[in-house]
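Engineer: Would you mind keeping the following structure in view while I ask a few things?
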Amino acid sequence: MPSKGFDDALRFFTAHENYVLTTHEGPDADGIGSELVLAAALESLGKRVRILNSEALAERYAFMDPKKRVQARKDGEFAPYTDGYVLAVMDTSDETNLGSAAGQILGGAKEVFFLDHHEQAPGNRLDGYADTTASSTSELALEIIGRLGARLDPISARAAYAGIVFDTGSFIYPKTTARTFRAAVALVEAGAVPNEIYKAMYESASVGALLLQQRVLSSMELAGDGRVAIQTMLKADLEAAGANYDDAEPLINIPLHSKNIEVSILIKENAEGRLRCSLRSKGEVNVSTIAQSFGGGGHRTAAGFKCPQGLAETKSEVLQKVSAALRAADTGA
């Protein structure tokens, strides 16, 4: 379904009284930050708001939600408003990416509207607004809040700032623009403290996370004439390191520190044995297109998908598609 416009988003966030906010499974800092800042702003306008996600916040993001606003779905715990609610889907336009909460909250909503900055996957059925030029959904949420005339408070400003930091790689990714820095300034003026947020995000890792990094880096292989790095993380690595699955999140970016690496691939296995593949690119290869071919999505330079096959098959197919994309980029095809 084609994306609607900014004014449609304003109408949605003005026209109703009861809102439920949700984001994609495996919620990251941007999904969480956009939920929290928009929820606080809507409440400042007299709206009623609840946040319900399929999964609990990872420990590394607990600092973003000191009031524990974010609920994780558990059977029987979610009681909709008796007079109905509308649903705002944050940081994804794909209903299949909402996890276990999808059926429960989509089915009961009077209206559903997404706010997102990712490329829309083919066949998307949800209604909403996507701006792929925005650095993050937190940035988009802040622009909505500004037009609504709602207030920012220090706690939600901190959450949104963390969301922007996360999705811009600390203000260095290609979609970081003057618009992004204007949003950051507004959040700092509202009470976000950049140094405190940086420490919470990047200087609070466990020893287990460091040991996991050691193990995953030791798995790295090079392909595509040394321009592609692929790493694997098995649940045995998590157990041996005493780490959490979420501790692997930063590891995809490490190979890109090399001037020779154009694409980084990380295939991760969680404690239940399910595989997920993350892809990062310096820009020559559109990894979103590759992820979409496996049923996933994302941005040109950052994307991912749930692996429909085993480790060996996924690794082989992804490498084939990345190598083909590199050859096409080299020839200008």
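Engineer: Taking region 214-244 on its own, how many of its residues are surrounded by fewer than 19 Cβ atoms within 10 Å (Cβ to Cβ) and under 30 Å from R158 (Cβ atoms)?
Structural biologist: Counting residues in region 214-244 that are surrounded by fewer than 19 Cβ atoms within 10 Å (Cβ to Cβ) and under 30 Å from R158 (Cβ atoms) gives 2.
Engineer: Could you please find all residues in region 283-333 being under 16 Å from I230 (Cα atoms), of a type in the set (S, T, N, Q) and in contact with a helix residue (DSSP H, G or I) (Cβ under 8 Å, 6 or more places away or on another chain)?
Structural biologist: Hit for region 283-333 is T301, nothing else.
Engineer: Could you grab the pairs with beta carbons closer than 6 Å, sequence gap of 6+ or different chains, first residue in region 16-32 and under 19 Å from S100 (Cα atoms), second one of a type in the set (G, A, S) and part of a loop (DSSP other than H, G, I, E, B)?
Structural biologist: E25/S54
Engineer: Quick one: is A88 surrounded by 15 or more Cβ atoms within 10 Å (Cβ to Cβ), of a type outside the set (K, R) and either touching a residue at least 60 places away in the same chain (Cβ under 8 Å) or not in a loop (DSSP other than H, G, I, E, B) (or both)?
Structural biologist: In short, yes.
Engineer: Another question about this same structure. What's the total number of residues in region 1-48 that are outside any helix (DSSP H, G or I), among the small types (G, A, S) and under 15 Å from the mean Cα position of the chain (by Cα)?
Structural biologist: 1
Okay, residues lined up against (1) of a type in the set (G, A, S); (2) under 19 Å from the mean Cα position of the chain (by Cα); (3) assigned by TED's automatic domain parsing to the domain that holds R280; (4) within 15 Å of T22 (Cα to Cα):
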| residue | (1), (2), (3), (4) |
| --- | --- |
| G108 | yes, no, no, yes |
| T133 | no, yes, no, no |
| I145 | no, no, no, no |
| Y161 | no, yes, no, no |
| T168 | no, yes, no, no |
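Engineer: Let me ask something additional. Evaluate region 65-79: report whether one residue or more is part of a helix (DSSP H, G or I), within 28 Å of M201 (Cβ to Cβ) and out of contact with any Lys or Arg (no Cβ under 6 Å at 6 or more places or on another chain).
Structural biologist: Within region 65-79 (the criterion being part of a helix (DSSP H, G or I), within 28 Å of M201 (Cβ to Cβ) and out of contact with any Lys or Arg (no Cβ under 6 Å at 6 or more places or on another chain)), the answer is no, since none of the residues qualifies.
The values are calculated or read from the model by the stated rules, or taken from the named source; none is laboratory data. Quick caveat: nothing in here was measured; it's all calculated off a predicted structure. With ideal geometry, Cβ positions are generated from the backbone for all residues, glycine too; neighbour counts draw on all protein chains shown.
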